[in-house]
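The values are calculated or read from the model by the stated rules, or taken from the named source; none is laboratory data. Computed from a prediction, not measured in an experiment: that's the story for all the values here. Cβ atoms come from the backbone with ideal geometry, glycine included; neighbour counts cover every protein chain shown.
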Amino acid sequence: MARNKIALIGSGMIGGTLAHLAGLKEMGDIVLFDIAEGTPQGKALDIAESAPVEGFDSRLSGANDYSAIEGADVCIVTAGVARKPGMSRDDLLGINLKVMEQVGAGIKKYAPNAFVICITNPLDAMVWALQKFSGLPKNKVVGMAGVLDSGRFQHFLAEEFNVSVEDVTAFVLGGHGDTMVPLARYSTVAGIPLPDLVKMGWTSKEKLEEIIQRTRDGGAEIVSLLKTGSAYYAPAASAILMAESYLKDKKRVLPCAAYLSGQYGVKDMYVGVPCVIGEGGIERVIEIELNKTEQKAFDNSVASVAGLCEACIAIAPNLK
Ligand code: A3D
């Protein structure tokens, strides 16, 4: 049986971490692609040299030509620029939109059957543009943000309650930005919803609000600490989880930026919602009932994503 082929488009901080994780997990053969000459080749060789030490068999290679991604089963896209302190994700839109056009053309030509996971920011607008530029089916192009945002929420909650991260589930909806919607009602410790834990005296309402705000600001917190770029370990781990669910047909239920064609009252946009990922890509979008406050927060988030898509159309009218 042939090994899976995983193409990493963008070989910067997240791209390199993705390659390392995909190797450690023996997910298949790995191609790193980048416009920077030497970077993908150097990272591929460095990780390949760790394989005998770690004991994994993956062929790793680096390339500056899209033909290297030919026939990839999964493409994970991180090409573009990342945030520096003082920048919002939206400041990246103009540069990264042009990058998505090139990446979309490369995937269309060489890996039209791949499951494509976009990580490049501003996420919800970039994945929307990438789907249009590549012309791939909408269920095969998805954005990674919700798994990361939920992971941050879970980490803060596990710390607050002094329980295992494994017993905390968290639910984050909406766009990947300051308007994201962490849902307390659907987040639990071993099935006990957060509002019940407040009633049980595990935490206070105020502390929970603080944690929710820290989750919203999770990306900026890392940017301000690193000073030279943005988070990469947790974003890479999150995309690997999504790729594994596709390659192994695990049908995990994960929050992803998925194409909406009327669900949640949203049309022709990518927004973070719970999805089932299996061999068919995004096999199902799960519509949960929102109360008035949650719906308002979700609508606000959708409006901000819509504004970013409009800004993309102003630069590239062919996206309409
Ligand atoms: P970085 O380490 O700068 O890597 C980006 C790579 O893209 C560099 O190696 C560039 O050479 C390469 N690149 C630039 N232009 C092109 C092009 N036209 N074609 C191919 N490669 C190109 O950044 P990073 O890995 O830290 O972050 C990558 C992206 O992910 C950024 O846009 C971040 O904002 C974004 N990001 C998203 C999340 C989400 O949760 C959605 C989290 C963290 C970072």
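Structure above, values below:
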quantity	calculated
Residue match in the range 28-41 (condition: of a type in the set (D, E, K, R), at negative phi and without any contact (Cβ under 8 Å) to a residue 24 or more places away in the chain)	no
Single residue of the range 196-219 satisfying the filter (surrounded by fewer than 18 Cβ atoms within 10 Å (Cβ to Cβ) and touching a residue at least 40 places away in the same chain (Cβ under 8 Å)) that is nearest to the ligand (Cβ to nearest atom)	Arg214
From the options Asp268, Asp299, residue that is assigned to a strand (DSSP E or B) and acidic (Asp, Glu)	Asp268
Meets criteria (part of a loop (DSSP other than H, G, I, E, B) and surrounded by 19 or more Cβ atoms within 10 Å (Cβ to Cβ)) for Ala231	yes
So Gly80, is it in contact with a Leu (Cβ under 6 Å, 6 or more places away or on another chain), within 11 Å of the ligand (Cβ to nearest atom), of a type in the set (Gly, Ala, Ser) and closer than 18 Å to Gly229 by Cβ	no
Single unsatisfied condition, Val142 versus (1) near the ligand (Cβ under 10 Å from one of its atoms); (2) within 20 Å of Val305 (Cα to Cα)	(1)
Residues being more than 9 Å from the ligand (Cβ to nearest atom) and in contact with a Phe, Trp or Tyr (Cβ under 7 Å, 6 or more places away or on another chain) - total across the range 102-114	4
Identity of the residue in the range 177-193, over 20 Å from Val253 (Cα atoms) and surrounded by 17 or more Cβ atoms within 10 Å (Cβ to Cβ), that ends up modelled with the lowest pLDDT	Gly177
Residue in the range 286-298 that is touching a helix residue (DSSP H, G or I) at 6+ places or on another chain (Cβ under 7 Å) and among the acidic types (Asp, Glu) present	yes
Residue that is under 19 Å from Ser304 (Cβ atoms) and assigned by the TED database to the domain that holds Pro195, where the choices are Asp149, Asp90, Asp124	Asp149
The range 266-277, subset touching a residue at least 60 places away in the same chain (Cβ under 8 Å) and among the β-branched types (Val, Ile, Thr), residue nearest to the ligand (Cβ to nearest atom)	Val271
Flag if Ala190 is of a type in the set (A, V, I, L, M, F, W, C) and in contact (Cβ under 8 Å) with a residue 12 or more places away in the chain	yes
Whichever residue in the range 234-265 is under 23 Å from Asn4 (Cα atoms), assigned to a helix (DSSP H, G or I) and not small (Gly, Ala, Ser) and, among such residues, is nearest to the ligand (Cβ to nearest atom)	Pro235
Residue that is surrounded by the most Cβ atoms within 10 Å (Cβ to Cβ) [pool: residues in the range 58-92 that are under 18 Å from Leu8 (Cβ atoms) and acidic (Asp, Glu)]	Asp73
Test: Ser245 is of a type in the set (Ser, Thr, Tyr), farther than 24 Å from Arg185 by Cβ and surrounded by 19 or more Cβ atoms within 10 Å (Cβ to Cβ)	yes
Which listed residue is crowded, with 20+ Cβ neighbours inside 10 Å and within 14 Å of the ligand (Cβ to nearest atom), from Gly10, Gly38, Gly23	Gly10
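So that you can scan it fast, the table gives a plain yes or no per residue for (1) modelled with pLDDT of 95 or more; (2) touching a Lys or Arg at 6+ places or on another chain (Cβ under 8 Å); (3) under 23 Å from Ala63 (Cβ atoms); (4) surrounded by fewer than 19 Cβ atoms within 10 Å (Cβ to Cβ):
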| site | (1), (2), (3), (4) |
| --- | --- |
| Gly94 | no, no, no, yes |
| Lys98 | yes, no, yes, yes |
| Gly104 | yes, yes, yes, no |
| Lys109 | yes, no, yes, yes |
| Ala114 | yes, yes, yes, no |
| Ile119 | yes, no, yes, no |
